[in-house]
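What follows is a set of notes on a single structure, which appears directly below.
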Amino acid sequence: MIGGRLRTIWLRVWGWIKPFWTTVWRPSLHFSMGFLTLGGFIAGIIFWGGFNTAMEATNTEAFCTSCHEMNDNVFAELKTTIHYNNRSGVRAVCSDCHVPHNWTDKMGRKMQASKEVWGKIFGSIESREKFLDKRLELAKHEWARLKANDSLECRNCHQYDSMDLTRQSPRAGQIHQQYLGTGQKTCIDCHKGIAHHLPNMKGIPQG
Amino acid sequence: MRGLLIRALLPLVAAASLAACGSKHEETPRKAPSAPVVITNAGQQIDAIRRGVPIDKEASPLPMARVENFDRVRPVNYEMQPPTIPHAIDNYQLTVNTNRCMLCHTRSNAKKFQAPPVSDAHYLTRDGKVLEEISSRRYFCVQCHVVQTDAEPLVANRFEGLNTTLAKEEKQ
């Protein structure tokens, strides 16, 4: 009974697909082999370039702060920190810390971020109150990510081998040597809340 | 024909006369501001706002003072003085959610970070109950403990710290 019904459904779907399938399967009548090969090559370049350009566009600060959720909360907080405003003017934008630079990892993160589009559509953090209520959960995701990849996004700029510990304040130099140098701890273990305000940290180890 | 010419010229004449009127009311160019006064007596001037610069003169501001960041405990000058902070605390979050100071200065972590732990009194409630975490009435560290800058003191004074006084007494 069910098999028969499935069969009728398949036949109907095949009826829609069939004209396209036969067109694609048949050898080309009007276009030469060279045209199709070269054309495919060029179209591939355009597609790939376009894909990466669009991907880069979603990595810009202007894109991130085009949503009021980001602009009014986390971006406003970033502005007072050393990652936005400092003596030398080198600064980090959102994606420097929140999107992996490695291509495959970046794709993974971008796919995860589709959840954020969902959140935007349904307004899960549309007001300041909603954002503050959810902040601990969101922060925990980021801490877990940075802990898992050994603070890779921090280390893209801050490399331990290039740190001149003698130019740090004595306590910073000593603690970096003791915990970061030996690999006991990673950046995020101590530097939570380096760029944004912290949620209620009761019961969460910070050092 | 002539009437037409006059009619055409009339607005021009009117405009010219108006412009002439305007020039009469033009403001006299303002005097260029005098060169900024350089403050030289920063350490002695008791007037912290204008530093003795006359009200009609512009002062070139002093360089901003820098926070001392040498991580060595400063001597305490009098009994019950809250120790001053010998390091920079820029962007330390001290909010209702988190207390960055207590990361190192809490009793359980102090040894690990070689930081002086906060005194036992900071764990007492006003009823004398001992708490596990810092008491809420001591939570806001920078209410009593402050950083020090390299700014020159505004007025000279002959205050002698506790250590100096004690040393003198020993000599006698």
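The values are calculated or read from the model by the stated rules, or taken from the named source; none is laboratory data. For clarity, every value in this text was computed on a predicted model and none was experimentally measured. Glycine also receives a Cβ, built like all others from the backbone with ideal geometry; neighbour counts cover every protein chain displayed.
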**Prompt:** Can you name the residue in the stretch B:96-131 that is surrounded by 15 or more Cβ atoms within 10 Å (Cβ to Cβ) and among the β-branched types (V, I, T) and is also nearest to the other protein chains (Cβ to nearest Cβ) among such residues?
**Reply:** B:T98
**Request:** Output the residue which, of all residues in the stretch A:90-120 that are surrounded by fewer than 14 Cβ atoms within 10 Å (Cβ to Cβ) and either at positive phi or assigned to a loop (DSSP other than H, G, I, E, B) (or both), is modelled with the highest pLDDT.
**Result:** A:V90
**Request:** Go through the stretch A:121-207 and tell me which helices (runs of 4 or more DSSP H), entirely inside it, have 3 or more residues that are facing chain B (nearest Cβ under 9 Å).
**Result:** A:170-175
**Item:** Residue within the stretch B:91-106 that is in contact (Cβ under 8 Å) with a residue 60 or more places away in the chain and under 30 Å from B:E160 (Cβ atoms) present
**Value:** no
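Table: residues versus (1) touching a Lys or Arg at 6+ places or on another chain (Cβ under 9 Å); (2) not aliphatic (A, V, I, L, M).
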residue: A:R145; (1), (2): yes, yes
residue: A:S162; (1), (2): no, yes
residue: A:S169; (1), (2): no, yes
residue: A:Q174; (1), (2): no, yes
residue: A:Q177; (1), (2): no, yes
residue: A:L180; (1), (2): no, no
residue: A:C190; (1), (2): no, yes
**Request:** Among residues belonging to the stretch B:60-69 that are at pLDDT 80 or above and surrounded by 12 or more Cβ atoms within 10 Å (Cβ to Cβ), point out the one that is nearest to the other protein chains (Cβ to nearest Cβ).
**Result:** B:N69
**Asked** Of all residues in the stretch B:147-166, which are part of a loop (DSSP other than H, G, I, E, B), in contact (Cβ under 8 Å) with a residue 24 or more places away in the chain and under 23 Å from B:D47 (Cα atoms)?
**Response** B:Q148, B:D150, B:A151, B:E152, B:P153, B:L154, B:V155, B:A156, B:F159
**Asked** Is it the case that the stretch A:128-149 has a residue that's closer than 20 Å to A:N86 by Cβ and surrounded by fewer than 17 Cβ atoms within 10 Å (Cβ to Cβ)?
**Response** no
**Request:** Would you point out which residue out of B:I39, B:I89 is modelled with pLDDT of 80 or more, in contact with a strand residue (DSSP E or B) (Cβ under 8 Å, 6 or more places away or on another chain) and surrounded by 10 or more Cβ atoms within 10 Å (Cβ to Cβ)?
**Result:** B:I89
